[in-house]
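Peer 1: Following this message is one structure expressed as structure tokens.
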Amino acid sequence: MNCQPIPKKDRKKILFISDDIRTHSGVAHVARDIVKHSAHYYNWVLLSGGMNDHPQKNTYIDYSSEMGEDASVVLYPCDEYGNIQLLMTIIDREQIDAILFITDPRSYQYIWDNARRIRKKCSLNYLNLWDNYPVPQYNQSFYNSCDSLLCINQVSLDIVKKLVTDESILIDYVPHGVDETVFFPIEVGSKQYLTLQQFKKNLYGKEQPEFTVLFNSRNIRRKCVSDLLHGWKLFIDKFGDEQRRSVKLVIKTERVDPNGTDLPAVEKMLFGDQESGIIWVDQYLTEEGLNLLYNATDCTILPSSNEGWGLSLLETMHVGNPIIATLTGGMQDQMRFEDEAGNWAFVTDHTSNYNREHGSWAFPILPSVSTLLGSPPTPYIFDDKVSADDIAQRIYSVYYESAENRTLIGAEGRAFALGESGFTASKMAATIIKNLDRVLTTFSPKQAYELTKI
């Protein structure tokens, strides 16, 4: 499609509701890449939230210079993801042409409650995700309140197609992408190589380990970090003292989080006074620093019981390293399961996928149990738990690959991310543009109400 630059005065104006793109959540990273790679085509207004108490709420920030030479990007920081009064004020003040919003549908109750009022003025375009089955019937009214549903994983796409009854709603697959100019392999002779060597020295000390595993995500329950620590213990307990010292688990997360647990306490319980081989990364890292971290490790693991995507896995693939992950949700999209003909198969049932051929860079962990969890807002969802034994076994699988072979299979994962899958920031933004343009062309303002004969 044609995504050539449009003069600023002729561009449509899109309101994007998301985490503040200046923060470091996965949603913020994705939103920033979408805006950055489409700021030549749209003028963006961002309702920037994702916080309980935003320190800059009730302000207006011109962020254009950060997004490109000819960009028009303004921020309205807010608590959570805004409210209907603020939203309607911005729509009128900025003369918004369309709304794009992202993350869990439970974050947008005020939008669902006022969908028809909003759609009198502009369309609702939901970059949506859902982590797992069963099909969430309780989300059906949310999905049917939108003009387009842009699904970040195949599970979400399948669920949306099963629940949407309005044939006029545009549905498409828009997987996450990352910027290949930010995340890439650092090789001998590259200008970042000496910086990487110093980074590794600071991270590991004088003795460089033989093998390293990275966890880079939040310390929340569904990420199962405690299970990872348990699996790591089972892994290194097979080794003698000298070999134990040659392997490291690098963890970049909050050590203590009320949404997760006290990880140092878990480490102490599991290892006591024994060397754990765990290295904690506490400091904030820029995207360039994260690229160094991925390049300083041999693989990335994410043993989540629910996961819509798992951005650290894709960043790892762009760097050219293997990934270890639970066979669930959007993480399956990144493993390239195949059909009988060797084509990329979009099969969302993890028990079926486990028996399929998949990308050499992926080391999937089959859940040992799927429990049905729930809460009043989310009455039921499968929680796919992997065992510590299986975590250890998958780490062994990567460990026993030679360093040369890990490089080869990692390169295959990078080629998949850059090529067939289109898991890049530029492709993600182009697909957003394609779908928003289709809705902008066909959208008709909704009436204040409709009459239904019963």
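Peer 1: Just to be sure before I move on: is T297 touching a residue at least 60 places away in the same chain (Cβ under 8 Å), hydroxyl-bearing (S, T, Y) and touching a His at 6+ places or on another chain (Cβ under 7 Å) in the structure I sent? Don't jump to the end; show me each part of the working.
Peer 2: Numbers: touching a residue at least 60 places away in the same chain (Cβ under 8 Å): yes; hydroxyl-bearing (S, T, Y): yes; touching a His at 6+ places or on another chain (Cβ under 7 Å): no.
Spelling it out, it is not the case that T297 is touching a residue at least 60 places away in the same chain (Cβ under 8 Å), hydroxyl-bearing (S, T, Y) and touching a His at 6+ places or on another chain (Cβ under 7 Å).
Peer 1: Return the residue satisfying two criteria in turn: it lies in the stretch 125-138 and is surrounded by 23 or more Cβ atoms within 10 Å (Cβ to Cβ) and among the hydrophobic types (A, V, I, L, M, F, W, C), and of such residues it is nearest to the chain's Cα centre (by Cα).
Peer 2: Ranking the qualifying residues of the stretch 125-138, first place goes to L129.
Peer 1: Would you check which residues across the stretch 64-83 are surrounded by 15 or more Cβ atoms within 10 Å (Cβ to Cβ) and in contact (Cβ under 8 Å) with a residue 40 or more places away in the chain and list them?
Peer 2: Of everything in the stretch 64-83, those that are surrounded by 15 or more Cβ atoms within 10 Å (Cβ to Cβ) and in contact (Cβ under 8 Å) with a residue 40 or more places away in the chain turn out to be S72, L75, P77, Y81, G82.
Peer 1: Condition first: part of a loop (DSSP other than H, G, I, E, B), touching a residue at least 60 places away in the same chain (Cβ under 8 Å) and not acidic (D, E). Can you find one or more residues in the stretch 220-233 that meet it?
Peer 2: yes
Peer 1: For L234, are the conditions met, namely being surrounded by 12 or more Cβ atoms within 10 Å (Cβ to Cβ), assigned by TED's automatic domain parsing to the domain that holds G289, under 28 Å from the mean Cα position of the chain (by Cα) and at pLDDT 95 or above? Break it down stepwise before answering.
Peer 2: Values: surrounded by 12 or more Cβ atoms within 10 Å (Cβ to Cβ): yes; assigned by TED's automatic domain parsing to the domain that holds G289: yes; under 28 Å from the mean Cα position of the chain (by Cα): no; at pLDDT 95 or above: yes.
So L234 does not fit the description; no.
Peer 1: Given (1) surrounded by fewer than 24 Cβ atoms within 10 Å (Cβ to Cβ); (2) closer than 22 Å to I391 by Cβ, where does E340 come up short, assuming only one miss?
Peer 2: (2)
Peer 1: Taking the stated definitions as given, is L100 in contact (Cβ under 8 Å) with a residue 12 or more places away in the chain, outside any helix (DSSP H, G or I) and not acidic (D, E)? Please lay out each step first, then the result.
Peer 2: Values: in contact (Cβ under 8 Å) with a residue 12 or more places away in the chain: yes; outside any helix (DSSP H, G or I): yes; not acidic (D, E): yes.
So L100 passes the test.
Peer 1: Scan A429, A415 and give me the residue that is over 22 Å from D227 (Cβ atoms), in contact with a Ser or Thr (Cβ under 6 Å, 6 or more places away or on another chain) and not basic (K, R). Break it down into steps so the answer makes sense when it comes.
Peer 2: Details: A415 fails: in contact with a Ser or Thr (Cβ under 6 Å, 6 or more places away or on another chain).
Only one candidate qualifies: A429.
Peer 1: If you take the residues of the stretch 26-54 that are of a type in the set (G, A, S) and not in a strand (DSSP E or B), which of them is surrounded by the most Cβ atoms within 10 Å (Cβ to Cβ)? Walk me through it before giving the result.
Peer 2: We begin by selecting, within the stretch 26-54, every residue of a type in the set (G, A, S); these are 26, 28, 31, 38-39, 48-50.
Now drop any that are not not in a strand (DSSP E or B), which leaves 26, 28, 31, 38-39, 50.
On the way: G26: 19, A28: 18, A31: 27, S38: 25, A39: 24, G50: 22.
Within the stretch 26-54, the match that is surrounded by the most Cβ atoms within 10 Å (Cβ to Cβ) is A31.
Peer 1: Tell me, yes or no, whether the stretch 139-148 has at least one residue that is modelled with pLDDT of 95 or more, under 26 Å from the mean Cα position of the chain (by Cα) and more than 24 Å from T442 (Cα to Cα).
Peer 2: Within the stretch 139-148, one or more residues are modelled with pLDDT of 95 or more, under 26 Å from the mean Cα position of the chain (by Cα) and more than 24 Å from T442 (Cα to Cα).
Peer 1: On to the next question. Given (1) closer than 18 Å to V35 by Cβ; (2) outside the structural domain of V74 (by TED's automatic domain parsing), identify the lone condition not met by T103.
Peer 2: It fails just one condition, (2).
Yes/no matrix, rows are residues, columns are (1) under 14 Å from Q154 (Cα atoms); (2) touching a strand residue (DSSP E or B) at 6+ places or on another chain (Cβ under 8 Å):
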{"residue": "L311", "(1), (2)": "no, yes"}
{"residue": "T316", "(1), (2)": "no, yes"}
{"residue": "N321", "(1), (2)": "no, yes"}
{"residue": "T328", "(1), (2)": "yes, yes"}
{"residue": "A341", "(1), (2)": "no, no"}
{"residue": "R356", "(1), (2)": "no, yes"}
{"residue": "A362", "(1), (2)": "no, yes"}
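Peer 1: Further, regarding this structure: Please tell me if L203 is modelled with pLDDT of 95 or more and not in a helix (DSSP H, G or I).
Peer 2: Numbers: modelled with pLDDT of 95 or more: yes; not in a helix (DSSP H, G or I): no.
The answer is no for L203.
Peer 1: Within the stretch 201-217, can you find the residues that are surrounded by fewer than 16 Cβ atoms within 10 Å (Cβ to Cβ) and either closer than 26 Å to L372 by Cβ or free of Cβ contacts under 8 Å to residues at least 12 places away in the same chain (or both)?
Peer 2: Of everything in the stretch 201-217, those that are surrounded by fewer than 16 Cβ atoms within 10 Å (Cβ to Cβ) and either closer than 26 Å to L372 by Cβ or free of Cβ contacts under 8 Å to residues at least 12 places away in the same chain (or both) turn out to be K201, N202, G205, K206, Q208.
Peer 1: Would you check if there is a residue in the stretch 55-77 being under 22 Å from R438 (Cβ atoms) and either β-branched (V, I, T) or part of a helix (DSSP H, G or I) (or both)?
Peer 2: Here is the first cut: in the stretch 55-77, the residues under 22 Å from R438 (Cβ atoms) are none.
No, because not a single residue in the stretch 55-77 is under 22 Å from R438 (Cβ atoms) and either β-branched (V, I, T) or part of a helix (DSSP H, G or I) (or both).
Peer 1: Here are some residues: D92, D158. Which one is part of a helix (DSSP H, G or I), acidic (D, E) and within 25 Å of the chain's Cα centre (by Cα)? Break it down into steps so the answer makes sense when it comes.
Peer 2: Values: D92 fails: within 25 Å of the chain's Cα centre (by Cα).
Result: D158 is the single residue among D92, D158 that is part of a helix (DSSP H, G or I), acidic (D, E) and within 25 Å of the chain's Cα centre (by Cα).
Peer 1: Write out, first by first residue and then by second, each pair whose Cβ atoms fall under 6 Å of each other, whose residues are 6+ apart or on separate chains, and whose first residue, in the stretch 29-51, is touching a residue at least 60 places away in the same chain (Cβ under 8 Å) while the second is surrounded by fewer than 23 Cβ atoms within 10 Å (Cβ to Cβ) and of a type in the set (G, A, S).
Peer 2: From residues that are touching a residue at least 60 places away in the same chain (Cβ under 8 Å), the pairs are H37/S426.
Peer 1: Also, quick follow-up: Are any residues in the stretch 182-200 of a type outside the set (F, W, Y), in contact with a Leu (Cβ under 9 Å, 6 or more places away or on another chain), in contact (Cβ under 8 Å) with a residue 24 or more places away in the chain and part of a loop (DSSP other than H, G, I, E, B), and if so, which ones?
Peer 2: Matches in the stretch 182-200: V182, I186, Q192.
Peer 1: Mind listing just one residue for me: the one in the stretch 146-165 that is of a type in the set (V, I, T) and touching a strand residue (DSSP E or B) at 6+ places or on another chain (Cβ under 7 Å) and, of those, surrounded by the fewest Cβ atoms within 10 Å (Cβ to Cβ)?
Peer 2: Restricting attention to the stretch 146-165, the residues satisfying the condition of being of a type in the set (V, I, T) are 152, 155, 159-160, 164-165.
From what's left, touching a strand residue (DSSP E or B) at 6+ places or on another chain (Cβ under 7 Å): 152, 160, 164.
Values: I152: 22, V160: 24, V164: 17.
Among those residues, the one meeting the criterion is V164.
The values are calculated or read from the model by the stated rules, or taken from the named source; none is laboratory data. All figures in this text were calculated on a predicted structure; none of them were measured in a lab. No Cβ is skipped: glycine too gets one built from the backbone with ideal geometry, and neighbour counts run over all protein chains shown.
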